[in-house]
1. Can you work out which of the residues in segment 92-106 that are among the charged types (D, E, K, R) and modelled with pLDDT of 95 or more is nearest to residue 36 (Cα to Cα)?
2. Would you confirm, using the coordinates I've provided, whether residue 9 is touching a helix residue (DSSP H, G or I) at 6+ places or on another chain (Cβ under 9 Å), surrounded by 10 or more Cβ atoms within 10 Å (Cβ to Cβ) and modelled with pLDDT under 50?
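The values are calculated or read from the model by the stated rules, or taken from the named source; none is laboratory data. Keep in mind the model is a prediction, meaning the values are calculated, not measured. All Cβ positions, glycine included, derive from the backbone under ideal geometry; neighbour counts span all protein chains shown.
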Amino acid sequence: MTSVTLLVAISSEVFSTAATGTGNPDEAKSIVVEHCVKCHVVPGYGPERAPESIDAPSSKWMARNPELYPEPRLRQFLRRPHYPMRGIIHSDTDIGNIITFIEGLR
């Protein structure tokens, strides 16, 4: 195997791993309870319905529609949240955990 081929193989593995929800969903639960359930319906965590003033999709709906909410889009959104999430800053580890939690709702 040439060094270029090996480099491409290693790079592909690193980026493919980084591009999937490889976090720990249990670590995301405290974040979900503290922040996400304020606007998003999260089965088992609340609320029963999203607040009428906020048109937020349920976490289960996002999980079941990965073509509309692919992992890169979720990651981008969680890195740069907008109203009403402004001011909430998640680490890359937390983002991976949240994405894995959402994917687990499929």
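1. So, considering only residues that are among the charged types (D, E, K, R) and modelled with pLDDT of 95 or more, the one nearest to residue 36 (Cα to Cα) is 94.
2. no
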